[in-house]
Amino acid sequence: MKKSVKQKFLVLVPHKDVRVKLHNYCEVLVKNGLTGVYRFPLVVPLAALSRSLKQEELKNIAHLLRKTAGNSKINTEGTSTVTFQETGNTLILHGPRLDLELPAGIFDDNLKIKAIYNSLLIGTFLTPDHSLHKLKFDKLSFRAAAVANMYWEPFHENETIIFNWKIGKLSWLPKKAIS
């Protein structure tokens, strides 16, 4: 088994209720014959990082995201894809698109950001191409969410890629936007 370098990401973690609904939907797709996909941990990649963020940095980003979303819920709108090159291979990440945009200036220079994902989606599957462009997801909405570091490590075994991942300590978005 060929081990790859562990990579770090900043992710938005939707509330567990949303992740359970998506997990169940993805399970049905796989049981009904969906093949050639890699499962993704049902989080929203925001940025690829050179280093893990400290809890205080996560807390600041959580406050900025709540301010951007206002006091309303974050909703999904249709399906989207993002090119995900951090695996050593170019893969396409598929999932429900969020109606949230990253605010300008959310990342200051000392955070050592390697890449920012401007198209925000809850990752469900990675594929080598856009073959899942016809996936349909139910509309979802959530107010409760957290930001966290995600540690991601691809392994290559024969012709197969295996992904190990771990979500770090959660920093919850405040319930209300603070001016």
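The values are calculated or read from the model by the stated rules, or taken from the named source; none is laboratory data. Keep in mind that this is a model prediction, so the values were computed, not measured. Note that we place each Cβ from the backbone using ideal geometry, even for glycine, and neighbour counts take in every protein chain shown.
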*Return yes when I161 is within 16 Å of the chain's Cα centre (by Cα) and touching a residue at least 60 places away in the same chain (Cβ under 8 Å) and no when it is not.*
no
_I'd like to check something: does region 88-106 contain any residue that is over 28 Å from K59 (Cβ atoms), polar (S, T, N, Q), touching a Pro at 6+ places or on another chain (Cβ under 6 Å) and in contact (Cβ under 8 Å) with a residue 12 or more places away in the chain?_
no
*Mind listing whichever residues of region 151-179 are part of a strand (DSSP E or B), in contact with a Gly (Cβ under 9 Å, 6 or more places away or on another chain) and at pLDDT below 85?*
P154, H156, I161
*Candidate set from region 108-145 (those that are under 17 Å from the mean Cα position of the chain (by Cα), over 20 Å from E77 (Cα atoms) and of a type in the set (A, V, I, L, M, F, W, C)); member that is surrounded by the most Cβ atoms within 10 Å (Cβ to Cβ)*: I113
_Would you confirm, using the coordinates I've provided, whether E159 is out of contact with any Leu (no Cβ under 6 Å at 6 or more places or on another chain), charged (D, E, K, R) and crowded, with 16+ Cβ neighbours inside 10 Å?_
no
*Could you please let me know if L42 is surrounded by 18 or more Cβ atoms within 10 Å (Cβ to Cβ) and either in a loop (DSSP other than H, G, I, E, B) or modelled with pLDDT under 90 (or both)?*
yes
*Answer yes or no as to whether P174 is within 29 Å of K59 (Cα to Cα), surrounded by 13 or more Cβ atoms within 10 Å (Cβ to Cβ) and not acidic (D, E).*
yes
*Across region 57-107, which residue is surrounded by the most Cβ atoms within 10 Å (Cβ to Cβ) among those that are over 26 Å from I162 (Cβ atoms) and at pLDDT below 85?*
N71
*Which ranges mark the strands (runs of 3 or more DSSP E) fully within region 53-136 that have 2 or more residues being out of contact with any Cys (no Cβ under 8 Å at 6 or more places or on another chain) and over 27 Å from C26 (Cβ atoms)?*
113-116
*Could you grab me the full set of residues in region 46-96 that are over 30 Å from F155 (Cα atoms) and among the basic types (K, R)?*
K59, R66, K67, K73
